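So the structure is just underneath, and the comments pick up after that.
The values are calculated or read from the model by the stated rules, or taken from the named source; none is laboratory data. All values reported here derive from a predicted model rather than from experimental measurement. A quick note on method: Cβ atoms are made from the backbone with ideal geometry, for glycine too, and the neighbour counts reach across all protein chains shown. Please note that ligands, DNA and RNA were not included when accessible areas were found on the heavy atoms of the full protein model with its side chains. Shrake-Rupley method; radii C 1.70, N 1.55, O 1.52, S 1.80 Å.
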Amino acid sequence: MEVKRNYFSEVTLLITHYNRSSSLERLLKAFVDQNIYFGDIVVSDDASKPEHIAKIGKLHDKYDFRLITTPKNGGLGNNINKGQAAVTTPYTLYVQEDFEPKTIFLEHFKDAFDFLQKDETLDIVRFYAYFKYPYLKPYGKGFSEMLFKPGFLANNHIKFYVYSDHPHLRRSTFIDKFGKYIEGKNVDITEAHMAFSFLQKKGRGLFFDHYTDLFYQKNSADEPSTAARSSWRESKNLFALAVREIYLQFKLLKWTYRYYFKNYHH
């Protein structure tokens, strides 16, 4: 029996990649195995090592995608900017190379795509997160709208991340509305800068309620995460946890202040 091909002609799969060609292959294969196809696939590479570029060349013979390269590593912001600039379809599914869709992704992706097509005020639909967005309003079919609450009484710093770099579907005019990603900064600052721009320009987004059910994030020993994050922020040491809590409260106050004064500088 012929398996139904799920083709989204108006969507480009945008993948940012850096030195993780096996992870990239796993991601591309997962979509094919689940019979999910897109109008275009753009792989934006951030000056990976020659062995990874060579492997990507071989993958190109099996998977139909466009490779956007650069002679010098420019960081995540530059990698997303040049990848998004190459997109020509109305919608973009953004996924970093270390993620892989689970088998239930398709049905919920269809819902997300339908929401964006029918509601022109929506800018983004998020599929994955480390933590639940704290202020949600049910929207439909397992998705909720993220509601940003700027006051000090809403004291969860995650409220500022209505936008996130984790897998999401967005309009390809995203950068036109919210500006380009800041370049030359680490991944935390890059994401925070865009998250703040999203709030300042009144972005509107949906969040999948069961936020770990649609994607795996896979970091193997052979291809560990390439994101440079502060180790003390992830430590389980009691002292580090206390310092982290103080830091998060400071961050909450700082971002709240900057939100009201319409200015973000890290």
Which residue is most open to solvent (accessible area, probe 1.4 Å), if the candidates are limited to segment 151-160 and must be in contact (Cβ under 8 Å) with a residue 12 or more places away in the chain and not small (Gly, Ala, Ser)? PHE152
Using beta carbons and a limit of 7 Å, which pairs, at least six apart or on different chains, have the first residue in segment 68-85 and within 22 Å of THR173 (Cα to Cα) and the second one part of a loop (DSSP other than H, G, I, E, B) and of a type in the set (Val, Ile, Thr)? GLY77/ILE182; LYS82/THR70
Please count how many residues of segment 167-197 are farther than 17 Å from TYR91 by Cβ and either in contact (Cβ under 8 Å) with a residue 24 or more places away in the chain or part of a strand (DSSP E or B) (or both). 18
All-but-one check, LEU136 against (1) among the aliphatic types (A, V, I, L, M); (2) open to solvent by 40 Å² or more (accessible area, probe 1.4 Å); (3) under 18 Å from the mean Cα position of the chain (by Cα), failing number (3)
I'd like the full set of residues that are outside any loop (DSSP other than H, G, I, E, B), more than 14 Å from the chain's Cα centre (by Cα) and of a type in the set (D, E, K, R), limited to segment 87-114. GLU107, LYS110, ASP111, ASP114
When segment 145-169 is examined, which residues are found to be in contact with a helix residue (DSSP H, G or I) (Cβ under 8 Å, 6 or more places away or on another chain) and closer than 29 Å to PHE38 by Cβ? TYR161, VAL162, TYR163, SER164, ASP165, LEU169
I'm told PHE148 meets every condition in (1) open to solvent by less than 20 Å² (accessible area, probe 1.4 Å); (2) farther than 18 Å from LEU169 by Cα except one. Can you identify the failing condition by its number? (1)
In segment 180-202, residues that are more than 18 Å from THR16 (Cβ to Cβ) and either of a type outside the set (Phe, Trp, Tyr) or open to solvent by 30 Å² or more (accessible area, probe 1.4 Å) (or both) total 5
Within segment 99-133, track down each residue that is acidic (Asp, Glu), in contact with a strand residue (DSSP E or B) (Cβ under 8 Å, 6 or more places away or on another chain) and surrounded by fewer than 22 Cβ atoms within 10 Å (Cβ to Cβ). GLU100, ASP111
